[in-house]
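So the structure is just underneath, and the comments pick up after that.
The values are calculated or read from the model by the stated rules, or taken from the named source; none is laboratory data. Predicted, not measured: the structure shown is a model, and the values here were computed from it. Here the Cβ positions follow ideal geometry from the backbone for every residue, glycine too, while neighbour counts run over all protein chains shown. In case anyone asks, the SASA skips ligands and DNA or RNA and just uses the protein heavy atoms, side chains included. Shrake-Rupley method; radii C 1.70, N 1.55, O 1.52, S 1.80 Å.
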Amino acid sequence: MAHGERRLPSQPVTTRAPLHVVWAYRRTGKFAFHVLTGALETDPRTAHVPVDFANGVRDVTAAIRRALDRAARVLVGWSFYSPDAAALTAEQHAVRAAVADPRILHVAGGVHPTAEPEATLRSGFDLVATGEGEQLVRELVHALQHGQDPRTVSGIAWLDGERLRRSPRSDRIALDDFPPFGPAHGRFGPIEITRGCIYACRFCQTPYFAGAAFRHRSVADVRHWVRYLVGRGFRDFRFLSPTALSYGASGPEPDLGAVEAMLAGVRAETGPSRKLWFGTFPSEVRPEHVTHQTLALLKKWVSNRTLIVGGQSGSDAVLAANERGHDAASVERAVALCLEHGFVPHVDFLFGLPGEGPADVEATLRTMDRLVARGARVHGHTFLPLPGTPWRKAAPGALTDAVRARLHQLASRGHLYGQWQQQEATARELAARRPGRQDREA
Ligand code: SF4
């Protein structure tokens, strides 16, 4: 892609803003855009750059057209997870067909483009922004405003003829250095308290995208943003973490002092009547972290009386093969403890994991039946061979008719919920679109 050719505007820059940003804004990726917007708002070099949020082909096209009337260049940002890659790529093609102009730059970022930069570029994006976006977006916008080559910014990937080229990797950020959302644009979301994950579950993109160590937002910074939200009239407070009870910890052992300091600090800001959601979406808990002590602590501070527990399988062999770091008995123990302390556990299970045979599936179904009989709810998923993970080349998760029938039975009684059916189709699609597959099949 010859970016150098499209860099300079044909119109005199004095009559136009140097740059306008349009986010191709989708429900599934919206919090990522809120974070990027917050990063732009809080850098004096980029705070004044106009940002539009446009949802769907028609709105993105209209926003680009308006931006072209006002600005010398338009950065169109796309961010997506692997299951949405096909749909978002199709949207980008439709937008490009509707409005083609050398002043437009389509940049893809997020988990999927980071894992598959070459395939993403070949699918039609001009640049891929790899890794964490906060500092990168500031540098990219700053470079474009000044007519500089965006490929000089760290973390950028592009195609040079047929070859994938990359600028140096960007550094990992500290959460305290960036707001958790875009307050000046009125774009809010959960407060991210922990990024990265020390666990290396082989099906999960988080440690491969965000790093294999925990990085925590400080209690003072969490409180700052909670106080801000209280001032804006918010009544519900949610937190984003890969494993909620790991807040403040650096290893597998929870640091309950740190968790309590954070929750107590948040409560001091919210007062007793506002709602504090923790240990439920989007901050689930690992089963071995559920103990009398942790549940007593949660009961003291949080508003939710459901907890989302990652179980994944009822088979120890499958859990070990996936490096989950806990066994099936710890899931049953966690459920019993939750119920004893007055929490309703919702337990995640994942079907079709690599190495799972009929006996493992049966063990999972029986575990689900036992947990449901005690009073838990179960959340069903089908394994997706996600790019960037060790299982990226594994066979897509598939269910037999007999398993589907058992799951439908549980669902019809209200015990099971989840996207396991749609995910079977998504898993097949991901496997079919794997880079190199066409070459191998040719
Ligand atoms: S599944 Fe959860 S615990 Fe495992 S690596 Fe992913 S975020 Fe970490």
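Listing for the model above:
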item: Ranked by how many other beta carbons lie within 10 Å on average, peptides 239-247, 254-262 from highest; result: 239-247, 254-262
item: Whole-percent carbon and sulfur share, accessible surface of the chain, 1.4 Å; result: 53
item: Tensor-based shape of segment 190-304 (alpha-carbon gyration tensor, a/c under 1.5 rounded, otherwise prolate or oblate); result: prolate
item: Solvent exposure, largest accessible area first (probe 1.4 Å, DNA, RNA and ligands not counted), of Lys299, Lys393; result: Lys393, Lys299
item: Lone cysteines, the chain (no partner Cβ under 4.7 Å); result: Cys197, Cys338
item: Per-bin percent of Cα-Cα distances, segment 82-181 [10 Å]; result: 15, 45, 35, 6, 0
item: The chain - Kirkwood radius from inverse mean 1/r over Cα pairs (Å); result: 23.3
item: C-alpha center-to-center spacing [segment 104-182, segment 30-96] in angstrom; result: 13
item: Folded to 0 to 90 degrees: helix 256-270 orientation relative to the chain principal axis, Cα; result: 70
item: Mean Cβ count within 10 Å, highest first, over the residues of peptides 217-226, 34-43; result: 34-43, 217-226
item: Computed magnitude of the charge dipole of the chain (debye, nearest 20; Cβ of K, R +1, Cβ of D, E -1); result: 980
item: Label-point separation in nm, Phe281 to Lys30, each point 7 Å along Cα→Cβ; result: 1.3
item: Prolate/oblate/rounded call for segment 3-166, Cα gyration tensor, a/c under 1.5 rounded; result: rounded
item: Partners for Lys275 among lysines (Cα-Cα distance below 29 Å; same-chain residues under 8 apart left out); result: Lys30, Lys299, Lys300
item: Residue (of Val290, Ala220, Tyr199) at the positive-pole extreme of segment 190-304, dipole from beta-carbon charges; result: Ala220
item: Inter-centroid distance (Cα atoms) of segment 270-315 relative to segment 183-230, Å; result: 17
item: Test item: Cα-centred dipole of segment 190-304, Lys/Arg +1 and Asp/Glu -1 on Cβ, debye; result: 400
